[in-house]
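Take a look at the structure below.
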Amino acid sequence: MTRAAVISGLGGWLPPRVVTNDDLPAELDTSDRWIRTRTGIARRHFAARGSATSDLAVEAGRRALASFGEPNVDAVVLATTTPDRTCPGTAPEVATRLGLEDAAAFDVNAACAGFLYGLACATGLITTGVADRVLLIGAETYSSILDPLDRGTAPIFGDGAGAVVLRAGAPDEPGAIGPIDLGSDGTGAELIRADGGGSRQRLAEGRERDGEHYLTMAGREVFKHAVVRMAASCQTVLERAAVGVADIDRLVAHQANIRIVRQLADELGIERDRVVTNIDRVGNTAAASVPLALLHGVADGTLRPGQRTLLTAFGAGLTWGSTLLTWPDLVLRD
Ligand code: COA
């Protein structure tokens, strides 16, 4: 029988510090009204100084394992653009802190599409028999690369982590990951980037104070790519699964901007009441965005067992990915 990867646990964590639009620095020359109407964001969470992506990932991973009900997995895949350090990867430390001795552990960097790329990795590990159970975490500390005085990015991004446990199962089970579409276009690499500290733009001692490590984004251009790429990727998945858009009960898209999500839904012909969103509470949490939207959707009842759910994400790279599953009945644990 064909082996499938089945979502069987879900958890997430947000650092306690809440930053409302009014809490942002006055120098940004922005307003709560502008941010809400142009992005849908009302607040976001920022990690405390000294707190790193691994700290968030461990909290989310612990909750996903508790939701799964068993403490062990064979592999940990950590999707992040903001690892604790350049080397080594952050996943091995996260695995060890979760008590997962000897588990395979590696990072995936596909920016805001990281969770979809991670799902593909986890699915591959399971369907090829390399692993029976995989913990996939999307975790980000974007506050560490945000220029607090850049109004094109500072109000948009937030910190957080979301995680799922996937186990080997049957393709017709609720939670089984369906066809996956992934893609990239490196001609758009300049549109969202953080150069400083990489091998091309090395950081001299003390130069990080000049803000070279800050994220820059050509927001308007990125916006257009996001809608077009996610819509095309979703169509590919629907075609591969031979599923019509009328059969989609829920759309869970990367929470980049509520206007992007709505335009995407319009493009696909999915009504607004079928769209799961939490961007008002968390902003754009990059690789953590989709699992946190799943978690909040389950918690507030907008995502329920049995609903055929389309997942899609887009990010720096440019990168994008989509998949389809029937939402499973999961137990959430704190
Ligand atoms: N507060 C107030 N005014 C702002 C502002 C802010 N935070 N940011 C931009 N503006 C101003 C601009 O200066 C500009 O003014 P002007 O018309 O006088 O020149 C005007 O608002 C429009 O700027 P623009 O950049 O075109 O705004 P926008 O509607 O595209 O919104 C983003 C900006 C960043 C919110 C939006 O482009 C976006 O969400 N882009 C995609 C982000 C994304 O998806 N990123 C991640 C992908 S993973």
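The values are calculated or read from the model by the stated rules, or taken from the named source; none is laboratory data. This is a predicted model, so every value here is computed, not measured. Neighbour counts run over all protein chains shown; Cβ positions are idealised from the backbone, glycine included. Surface accessibility is based on the protein's heavy atoms, side chains included, excluding ligands, DNA and RNA. Shrake-Rupley method; radii C 1.70, N 1.55, O 1.52, S 1.80 Å.
If you put +1 on each Lys and Arg Cβ and -1 on each Asp and Glu Cβ, how big is the dipole of the chain around its Cα centre, in Debye rounded to 20?
Magnitude of the dipole: close to 400 debye.
What ³J(HN,Hα) values, in whole Hz, does the Karplus curve 6.51 cos²θ - 1.76 cosθ + 1.60 give for the stretch 242-251 when θ = phi - 60°, with x put for Gly and Pro?
For the stretch 242-251, the Karplus curve yields 6, 10, x, 5, 5, 8, 8, 8, 9, 10 Hz.
Please compute the length gained on full extension between Arg97 and Asp266, using 0.36 nm multiplied by the number of residues separating them and subtracting their Cα-Cα distance.
Full extension of this stretch gives 56.5 nm more.
Counting each DSSP H run of 4 or more residues in the chain as -39500 (n - 2.57), what helix-only mean residue ellipticity at 222 nm follows after dividing by all residues, to the nearest 500 deg cm²/dmol?
Computed mean residue ellipticity for the chain: -9000 deg cm²/dmol.
If the chain between Phe223 and Asp329 were fully stretched, how many nm would it gain, using 0.36 nm times the residue separation less the Cα-Cα distance?
That pair, Phe223 and Asp329, stretches by 34.8 nm at full extension.
Given a Förster radius of 35 Å and the C-beta distance between Asp300 and Arg202 as r, what FRET efficiency does 1/(1 + (r/R0)^6) yield to the nearest 0.05? The partial results should precede the final answer.
Values: r = 45 Å, r/R0 = 1.30.
With R0 = 35 Å, the Cβ-Cβ based efficiency is 0.15.
Provide the percentage of antiparallel DSSP beta bridges, counting only those with both residues in the stretch 180-326; round to the nearest 5.
Expressed as a percentage, antiparallel bridges in the stretch 180-326 total about 75.
How large a share of the accessible area of the stretch 4-169, in percent, is made up of carbon and sulfur atoms when the probe is 1.4 Å and the other protein chains stay in place?
Using a 1.4 Å probe with all protein chains present, the stretch 4-169 comes out at 49 percent carbon and sulfur.
Could you give me the ³J(HN,Hα) list for the stretch 158-172, computed from phi with Karplus coefficients 6.51, -1.76, 1.60 and θ = phi - 60°, whole Hz, x at Gly and Pro?
Listing the rounded values in order: x, 9, x, 8, x, 8, 10, 10, 10, 10, 5, x, 9, x, 9 Hz.
Could you give the accessible area per residue of the chain, probe 1.4 Å, as a whole number in Å²?
43
Could you calculate, for the chain, the ratio of the Cα radius of gyration to the Kirkwood radius, expressed as Rg to Rh?
Details: Rg = 18.5 Å, Rh = 19.6 Å.
Computed over Cα atoms, the ratio is 0.95.
First compute the accessible area of the stretch 180-326 with a 1.4 Å probe, then give the percent of it belonging to carbon and sulfur atoms.
Values: 2900 of 6380 Å².
Here carbon and sulfur together make up 45 percent of the probe-accessible area.
What accessible surface, in Å², does a 1.4 Å probe find on Thr128, ignoring ligands, DNA and RNA and rounding to the nearest 10?
100
Please return the longest stretch of the chain lacking exposed loop sites, where GluC sites (Glu not before Pro) count only if DSSP places them in a loop and at most 12 other Cβ atoms lie within 10 Å.
Result, exposed sites excluded: 1-100.
For the stretch 4-169, with only Lys/Arg (+1) and Asp/Glu (-1) charged at the beta-carbon, what is the dipole magnitude about the Cα centre, in debye rounded to 20?
400
I'd like the Karplus ³J(HN,Hα) series for the stretch 140-146: coefficients 6.51, -1.76, 1.60, θ = phi - 60°, whole numbers in Hz, and an x wherever there's a Gly or Pro.
Going residue by residue, I get 8, 10, 4, 4, 6, 10, 8 Hz, with x marking Gly and Pro.
How do Leu332, Leu14 stack up against each other in accessible area, from largest to smallest, with a 1.4 angstrom probe?
Output order, biggest surface exposure first: Leu332, Leu14.
Build a GNM of the chain with springs between Cα atoms under 10 Å: which of Ser67, Ser31, Ser184 gets the top mean-square fluctuation?
Looking only at Ser67, Ser31, Ser184, the biggest GNM fluctuation is shown by Ser31.
Which residues' amide hydrogens lie under 5 Å from the amide hydrogen of Ala176, considering only partners 5 or more residues apart or on another chain, with H built in the peptide plane?
When sequence neighbours closer than 5 places are left aside, the close amide H contacts are Ile7, Thr326.
Using a 1.4 angstrom probe on the protein heavy atoms only, could you order Ile126, Ile180 from most to least accessible area?
If we order Ile126, Ile180 from most to least accessible, we get Ile180, Ile126.
Could you pull out the longest piece of the chain with no exposed loop trypsin sites (Lys or Arg not before Pro) in it, calling a site exposed if DSSP puts it outside H, G, I, E, B and it has at most 12 other Cβ atoms within 10 Å?
That gives 203-334 as the longest site-free run.
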